[in-house]
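A short reminder: the numbers here are calculations on the coordinates, not readings from a lab. Since the structure is predicted, the reported quantities are computational estimates derived from the model, not experimental observations. A quick note on method: Cβ atoms are made from the backbone with ideal geometry, for glycine too, and the neighbour counts reach across all protein chains shown.
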Amino acid sequence: MINITEFKENLGLKEIPVELEKLIYFQDNISSGENYSQGFGILIDDKSGLKSWSEDENFLACLFPIAQANGSGSFYAIWNDGTDKTLNQMPVVVFGDEGGVHIVAENILQLLHLLTYDTEISVDFDTAYFYRDEDDYEESEDLDEYLKWMAGDYNFTQIEEPDELIKAAQDKYKEHFEQWFGQYVEY
């Protein structure tokens, strides 16, 4: 169970996006981590994963780790890109467990849409992508519940081409993110 108060305190925030609060409620009361989208689960993270990249306070202050991205240690973080956007409009970045850091969504709602694909994200140095081998694919136990929730709350259906959404986010934010990230990490 994710305690929302602890989740906020851990991120140093008084408020989190309503989309994230609803997802935490969904994960705690309807499903559980990794049961509605493969490899994904909201978590409380003390930024230890981020600190492995840089311990600079400015770096850490602009990133809010929110969830595991796959079963091998990659994680998602919301990036404060320095504009006046609210937290729910800030881009989402994936930090790969074997290297690679990439913009994957323009905002938290797009990340939630990506999760409907129901496959762990693959992250390498050059790219982040979703791949599903239809012959070996086993649907997550609570995917249907997640899809119903996404349709009811956000009018989203299951995404068919997740890489198109990632590309759109990268077209919008990749260059700016890489310039910002390069101040703190030699990459």
**Report entry** Potential lengthening between GLU186 and TYR25 on full extension [0.36 nm per residue; Cα-Cα distance subtracted]
**Finding:** 54.2 nm
Report task. DSSP loop (so not H, G, I, E, B), at most 16 other Cβ within 10 Å: list which GluC sites (Glu not before Pro) in the range 1-31 pass both filters. Result -> GLU15
**Report entry** With 10 Å bins from 0: P(r) over the range 106-187, alpha-carbon pairs, percent
**Finding:** 15, 42, 28, 13, 1
Report summary line: The longest stretch of the chain containing none of the trypsin sites (Lys or Arg not before Pro) that sit in a DSSP loop with at most 15 other Cβ atoms within 10 Å is 15-84
Report summary line: Nearest-0.05 FRET efficiency for VAL18 and ASP97 at R0 = 35 Å, using Cβ-Cβ distance, is 0.75
Query raised in the report: For the range 64-147, what does the alpha-carbon gyration tensor say about shape, rounded, prolate or oblate, given a ≥ b ≥ c as the root eigenvalues, a/c under 1.5 as rounded, and a/b over b/c as prolate?
Result: oblate
**Report entry** Reachable lysines from LYS8, criterion Cα separation under 22 angstrom, eight or more residues apart if same chain
**Finding:** LYS22, LYS47, LYS51, LYS85
Query raised in the report: Assuming R0 = 25 Å, what is the FRET efficiency of LYS172 and THR127, from their Cβ-Cβ distance, to the nearest 0.05?
Result: 0.90
Report summary line: Taking 0.36 nm per residue of separation between ASP56 and SER32 and subtracting their Cα-Cα distance, the length gained on full extension comes to 5.3 nm
Requested in this report: Return, for the Cα atoms of the chain, the radius of gyration and Dmax in Å, separated by a comma.
Outcome: 15.5, 46
Query raised in the report: Which percentage, to the nearest 5, of the DSSP beta bridges contained in the chain is antiparallel?
Result: 95 percent
Report task. Towards the positive end of the charge dipole of the chain, with charges on Cβ (+1 Lys, Arg; -1 Asp, Glu), say which of THR86, GLN183, ILE166 has the farthest Cα. Result -> THR86
Report task. Compare SER72, SER37, SER122 in a GNM of the chain, Cα atoms joined below 10 Å, and give the one with the largest fluctuation. Result -> SER72
Query raised in the report: Gain in length, ASN155 to ASP135, computed as 0.36 nm per residue apart minus the alpha-carbon separation, to one decimal in nm?
Result: 4.3 nm
Query raised in the report: For the chain, modelled as a GNM with alpha-carbon contacts under 10 angstrom, which of PHE125, PHE156, PHE75 fluctuates the most?
Result: PHE125
Query raised in the report: Helix 162-182: angle to the longest alpha-carbon principal axis of the chain, degrees 0 to 90, nearest 10?
Result: 20 degrees
Report task. Tabulate in residue order the Karplus-calculated ³J(HN,Hα) for the range 32-45, using 6.51 cos²θ - 1.76 cosθ + 1.60 with θ = phi - 60°, rounded to whole Hz; enter x for Gly and Pro. Result -> 7, x, 6, 9, 10, 8, 3, x, 9, x, 4, 8, 9, 10
**Report entry** Relative contact order %, the chain, counting alpha carbon pairs below 8 Å whose residues are six or more apart
**Finding:** 19 percent
**Report entry** Crossing angle, helix 143-154 versus the chain [Cα axis fit, 0-90 degrees, rounded to tens]
**Finding:** 70 degrees
Report summary line: The whole-number value in µm²/s of the Stokes-Einstein translational diffusion coefficient for the range 1-107, with Rh from the Kirkwood sum over alpha carbon pairs at 37 °C and 0.692 mPa s, is 233 µm²/s
